[in-house]
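The values are calculated or read from the model by the stated rules, or taken from the named source; none is laboratory data. The structure displayed is predicted, hence computed values, not measured ones. In this analysis, Cβ positions are derived from the backbone assuming ideal geometry, glycine residues included, and neighbour counts consider all displayed protein chains. Just the protein is used for accessible areas: all its heavy atoms, side chains included, with ligands, DNA and RNA removed. Shrake-Rupley method; radii C 1.70, N 1.55, O 1.52, S 1.80 Å.
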Amino acid sequence: MQIGFIGLGTMGLPMASTLVSAGHAVTGFDLAQDACEAFRLAGGTLADNPANAMAEAEAVITMLPEGRHVREVLRPEVLGALPAGRLLVDCSTIDVTTARDLAGMAQDYGHAFIDAPVSGGAEGAAKGALAFMTGGDPEAVARAQPLFDAMGNKVLHFGPAGSGQAAKACHNMICGITALGVCEAFALADGLGLDHGAFFDLCRNAAAQSWILENRCPVPGPAPAAPASNGYAPGFAARLMAKDLGLAQEAAQACGHETPFGAEAARRFATFTQETGGHLDFSAIYETIRKAER
Ligand code: NAD
């Protein structure tokens, strides 16, 4: 399939690269030159702006930080200039309202839009093993199946446009709350003089096991591939975790639901992001928690 891919960052680059490996013709664009160069080295074709990346594409995939970036790339004059009938697949994690607005706008110009945020991290993206949480017209989701087959191993459909983002907000609220729990337990283990490796080994083989513990163990050493063992290079940047927890709070407020643990996680990651810039992996919040709880 001819694909336009906008946003070649931590996630977008490996996702676009797996599409190239699967035999799709992918034209990419990113504002960052180093991201573009990495995609060129992976066999992708580059465009000099988003509209040119989309011009010949049957399907357009966006993998951008926030809703405002997706709105900027899929703005009305760009959608209006495309021949009708394009499939727009937004894999970014954004707010439900923006996803619904974009679906409506796409429809006005004769295109199909689905929201398809992902889980699995950069590791899952590199292995073509992402899970997609989709929202939108089932026919449009079916059209995107060859793309999902290349980039992932699980596709769940939650309902109309915005439902994928709703599922993602709830999912990431679990991740944020779990991350704080794992950090707090490691900080306590530290205070009690436990060996990090032995404690990690216990938890990963017992009831405390989780993806967050295994893949984002917050202390250096026990998990060699985890960000903590690599200077906390993301992974999933703390600023993105703060954003996602904020989206979950927005969604909770919109439906009048109280989520006190989610609210506390949102507050902690927002503060950490304000204090540090939030560029390190979210597991870097461990040091803050360890110091605060001494
Ligand atoms: P990132 O910051 O590494 O990459 C985003 C890329 O978008 C950057 O390269 C940036 O230059 C580019 N960009 C920004 N505005 C642009 C524009 N107008 N036109 C073209 N390019 C533009 O972020 P990421 O980690 O790849 O995350 C992307 C999305 O996926 C986010 O919504 C994030 O919440 C979500 N997500 C990330 C992970 C993860 O583990 N990193 C996991 C699941 C979901």
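Worth pointing out:
- From Lys243, Lys291, residue being of a type in the set (Lys, Arg), outside any loop (DSSP other than H, G, I, E, B) and in contact (Cβ under 8 Å) with a residue 24 or more places away in the chain: Lys243
- Meets criteria (crowded, with 20+ Cβ neighbours inside 10 Å, among the small types (Gly, Ala, Ser) and within 17 Å of Phe5 (Cα to Cα)) for Gly120: no
- Matching residues in segment 235-247 - criterion: being touching a helix residue (DSSP H, G or I) at 6+ places or on another chain (Cβ under 6 Å) and open to solvent by 10 Å² or more (accessible area, probe 1.4 Å): Gly235, Phe236, Arg239, Ala242, Gly246, Leu247
- Sole residue being touching a His at 6+ places or on another chain (Cβ under 7 Å), at pLDDT 95 or above and of a type outside the set (A, V, I, L, M), chosen from Arg40, Arg100, Arg86: Arg86
- Scanning segment 250-272 for residues that are outside any loop (DSSP other than H, G, I, E, B), open to solvent by 30 Å² or more (accessible area, probe 1.4 Å), in contact with a helix residue (DSSP H, G or I) (Cβ under 9 Å, 6 or more places away or on another chain) and without any contact (Cβ under 8 Å) to a residue 60 or more places away in the chain turns up Ala263, Arg267, Ala270, Thr271.
Quick grid of which residues meet (1) within 15 Å of the ligand (Cβ to nearest atom); (2) among the basic types (Lys, Arg); (3) more than 12 Å from the chain's Cα centre (by Cα):
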| position | (1), (2), (3) |
| --- | --- |
| Ile61 | yes, no, yes |
| Leu64 | yes, no, no |
| Val73 | yes, no, yes |
| Ala81 | no, no, yes |
| Ala84 | no, no, yes |
| Leu88 | yes, no, yes |
| Arg100 | no, yes, yes |
| Gly104 | no, no, yes |
| Asp108 | no, no, yes |
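- In segment 188-225, residue nearest to Met173 (Cα to Cα) [restricted to those that are polar (S, T, N, Q) and not in a helix (DSSP H, G or I)]: Ser210
- Here Gly176 meets each of (1) within 13 Å of the ligand (Cβ to nearest atom); (2) surrounded by fewer than 19 Cβ atoms within 10 Å (Cβ to Cβ) with one exception, condition (2).
- Scanning segment 132-156 for residues that are within 22 Å of Gly23 (Cα to Cα) and open to solvent by 30 Å² or more (accessible area, probe 1.4 Å) gives Ala142, Arg143, Gln145, Pro146, Asp149, Asn153, Lys154, Val155.
- A residue that is in contact with a helix residue (DSSP H, G or I) (Cβ under 7 Å, 6 or more places away or on another chain), at positive phi and more than 16 Å from the ligand (Cβ to nearest atom) occurs nowhere in segment 21-31.
- Qualifying residue in segment 32-52 (condition: in contact with a Cys (Cβ under 8 Å, 6 or more places away or on another chain) and either touching a residue at least 24 places away in the same chain (Cβ under 8 Å) or buried (at least 22 other Cβ atoms within 10 Å of the Cβ) (or both)): no
- Total residues in segment 210-234 satisfying the condition of being within 13 Å of the ligand (Cβ to nearest atom) and in contact with a Leu (Cβ under 8 Å, 6 or more places away or on another chain): the figure is 3.
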